[in-house]
């Protein structure tokens, strides 16, 4: 239960800053929904359906990625390099696995709150999407994956500026290319192959399929699960090496 | 008890600490004295498992530092040189977090937090965020946090650096009271007065090596009881004498202004290295 202590600390801080966090999670989805739902969406149809219903699962995938990565990555990087509070955990008798699990779960809570905010807004904008247990499972998996990626980035990147460079070169391209706002089907084959290898693509595909009342996609689920395990293990290793 | 055998840390071609041998007895306050970059903090970071040694061994109460991590973590408390409190948490929550990390039970944690906040005179500020504390209050809270899980060995890395003289003395009182309870204390400092006032024994480090070791009295005895400082064209000159009479006789023959005073540990450092501790 050591992970719970790490998680408990994060929840104390979240409770204290919840209104600020909640407000910040409203801003970008609201802009996306206005721009892509009302603005662009009114004149666009995808596979005969409304663009709003197409884009909402993509925005949820994107938002869970950004929220969990940014929160876990930036706070841990600051804790390691600037506040030095990471040392308190490194000299405590808890395992790197418990530490990473606590941090990633805290990122999941924030990611899920962000996803719920978007769902609420999407329904207010008139989106018609189906939400079930599979939908939330993939949101949870996406949060875990990118929270763990945040741990890896935070532990190996030795300057705050490089954390934002990492976001610019890794997170931002995924935000736009991985099936969030448009289907990659019409892109050149080589680019489509690269996009299909990236994890966010499979989160978008899966959420979109379930939201439209379609099948669950076992391959996408497996890809997300493998990525999650790889990044989680890499995160544990990176924390282990910091000792 | 701390035992260090041939402890070494290299960063590339730079030797931060070289072949350090040292034994610190149970209940002793031991001071590592030396200028910035002497290897004091690196030594503490190796002993507290934050830096992996390049060679040698270290034992805390018989447990090897690099092998028996979980036992060593229970035995030691650490107050680092830099302020690393969780500024988003209150004083109480900082101590509570530490207690939880060390698997203390709820009632034990609550009782210990009350005791320690009283001990460091912060009981009235328990619910305030640590970010609102002054430098001295933060340092006292860090000491309380390090003591939370009843460690038997305490590491204090430059515990009073940047603090005003009054707060510094408060911290010294805390250290003496902790040691009164039988705790072993290893502190690093570059304040001569701090080492002389607090430490049973002092090790002087320079460029990663221990260049002198003994009680403050023994070390000062090596250079002489009295020192004559004189400033001439070549800079400040130091001459050491066994007694005041010889020092006065020597000073009487000098044309420039002189200061005659008792020798201190800085003089030991100057005599051994030709440099000042802060220089």
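Give me a count of the residues in the stretch A:116-147 that are assigned to a helix (DSSP H, G or I) and within 19 Å of the chain's Cα centre (by Cα).
22
In the stretch B:20-57, which residues are part of a strand (DSSP E or B) and either crowded, with 18+ Cβ neighbours inside 10 Å or touching a residue at least 24 places away in the same chain (Cβ under 8 Å) (or both)?
B:20, B:21, B:22, B:24, B:29, B:30, B:31, B:32, B:33, B:55, B:56, B:57
Of the numbered conditions (1) buried (at least 23 other Cβ atoms within 10 Å of the Cβ); (2) modelled with pLDDT of 90 or more; (3) outside any helix (DSSP H, G or I), residue A:179 fails exactly one; give the number of that condition.
Looking at each condition in turn, residue A:179 falls short on (2).
Could you check residue B:70 against (1) within 11 Å of chain A (Cβ to nearest Cβ); (2) in a helix (DSSP H, G or I); (3) surrounded by 15 or more Cβ atoms within 10 Å (Cβ to Cβ) and say which number it fails?
Going through (1) within 11 Å of chain A (Cβ to nearest Cβ); (2) in a helix (DSSP H, G or I); (3) surrounded by 15 or more Cβ atoms within 10 Å (Cβ to Cβ) one by one, residue B:70 breaks only (3).
So residue B:189 fits all but one of (1) farther than 27 Å from residue B:149 by Cβ; (2) modelled with pLDDT of 85 or more; (3) in contact with a helix residue (DSSP H, G or I) (Cβ under 7 Å, 6 or more places away or on another chain); what number is the exception?
Just one mismatch for residue B:189, condition (1).
Checking the condition over 30 Å from residue A:92 (Cβ atoms) and in contact (Cβ under 8 Å) with a residue 12 or more places away in the chain, which residue from A:208, A:186 passes?
Going through A:208, A:186 in turn, just one is over 30 Å from residue A:92 (Cβ atoms) and in contact (Cβ under 8 Å) with a residue 12 or more places away in the chain: A:208.
In the stretch B:73-85, how many are in contact with a strand residue (DSSP E or B) (Cβ under 9 Å, 6 or more places away or on another chain), at the interface with chain A (Cβ under 9 Å from one of its Cβ atoms) and assigned to a loop (DSSP other than H, G, I, E, B)?
Matching residues across the stretch B:73-85 total 2.
Tell me the helices (runs of 4 or more DSSP H) entirely within the stretch A:6-105 that contain at least 1 residues that are surrounded by fewer than 22 Cβ atoms within 10 Å (Cβ to Cβ), more than 14 Å from every other protein chain (Cβ to nearest Cβ) and touching a residue at least 24 places away in the same chain (Cβ under 8 Å).
A:18-32, A:51-81
Hey, can you tell me all the residues within the stretch B:71-122 that are farther than 20 Å from residue A:2 by Cα and more than 26 Å from the chain's Cα centre (by Cα)?
B:88, B:90, B:111, B:114 - these are the residues of the stretch B:71-122 that are farther than 20 Å from residue A:2 by Cα and more than 26 Å from the chain's Cα centre (by Cα).
So, in the stretch A:202-223, exactly how many residues are surrounded by 23 or more Cβ atoms within 10 Å (Cβ to Cβ) and within 16 Å of the chain's Cα centre (by Cα)?
Residues meeting the conditions: 7.
Give just the number: which of (1) touching a helix residue (DSSP H, G or I) at 6+ places or on another chain (Cβ under 6 Å); (2) part of a loop (DSSP other than H, G, I, E, B); (3) surrounded by fewer than 20 Cβ atoms within 10 Å (Cβ to Cβ) does residue B:103 not satisfy?
Against the list (1) touching a helix residue (DSSP H, G or I) at 6+ places or on another chain (Cβ under 6 Å); (2) part of a loop (DSSP other than H, G, I, E, B); (3) surrounded by fewer than 20 Cβ atoms within 10 Å (Cβ to Cβ), residue B:103 comes up short only on (1).
Which helices (runs of 4 or more DSSP H) sit wholly inside the stretch B:171-279 and have at least 1 residues that are in contact (Cβ under 8 Å) with a residue 40 or more places away in the chain and more than 18 Å from the chain's Cα centre (by Cα)?
Qualifying helices (runs of 4 or more DSSP H): B:216-223, B:265-273.
Looking at (1) touching a helix residue (DSSP H, G or I) at 6+ places or on another chain (Cβ under 7 Å); (2) closer than 30 Å to residue A:78 by Cα, find the lone condition where residue B:38 falls short.
Every listed condition holds for residue B:38 apart from (1).
How many residues does the stretch B:222-242 hold that are surrounded by 11 or more Cβ atoms within 10 Å (Cβ to Cβ) and more than 20 Å from residue B:212 (Cβ to Cβ)?
7
Based on this model, can you work out whether residue B:93 counts as at pLDDT 95 or above and within 14 Å of chain A (Cβ to nearest Cβ)?
So residue B:93 fits the description; yes.
Residue A:195 fails exactly one of the following numbered conditions: (1) modelled with pLDDT of 90 or more; (2) within 20 Å of residue A:147 (Cβ to Cβ). What is the number of that condition?
Unmet for residue A:195, out of (1) modelled with pLDDT of 90 or more; (2) within 20 Å of residue A:147 (Cβ to Cβ): (2).
Looking at (1) buried (at least 21 other Cβ atoms within 10 Å of the Cβ); (2) out of contact with any strand residue (DSSP E or B) (no Cβ under 6 Å at 6 or more places or on another chain); (3) within 14 Å of chain A (Cβ to nearest Cβ), can you tell me which one residue B:116 breaks?
Result: residue B:116 passes all but (3).
Of the numbered conditions (1) surrounded by 24 or more Cβ atoms within 10 Å (Cβ to Cβ); (2) within 18 Å of residue A:224 (Cβ to Cβ), residue A:118 satisfies every one except a single condition; which is it?
Residue A:118 satisfies every listed condition except (2).
List, please: which pairs have Cβ atoms under 9 Å, are six or more places apart or on different chains, and start with a residue in the stretch A:136-149 that is closer than 15 Å to residue A:178 by Cβ and end with one that is not in a helix (DSSP H, G or I)?
Short answer, once both residue conditions are applied: A:138/A:216.
Checking residue B:131 against (1) buried (at least 17 other Cβ atoms within 10 Å of the Cβ); (2) within 14 Å of chain A (Cβ to nearest Cβ); (3) assigned to a helix (DSSP H, G or I): exactly one of these is not met. Which one?
That leaves (1) as the condition not met.
The values are calculated or read from the model by the stated rules, or taken from the named source; none is laboratory data. What you see is a predicted model, and the numbers here were worked out from it, not measured in a lab. Using ideal geometry, Cβ is built from the backbone for each residue, glycine included, and neighbour counts are taken over all protein chains shown.
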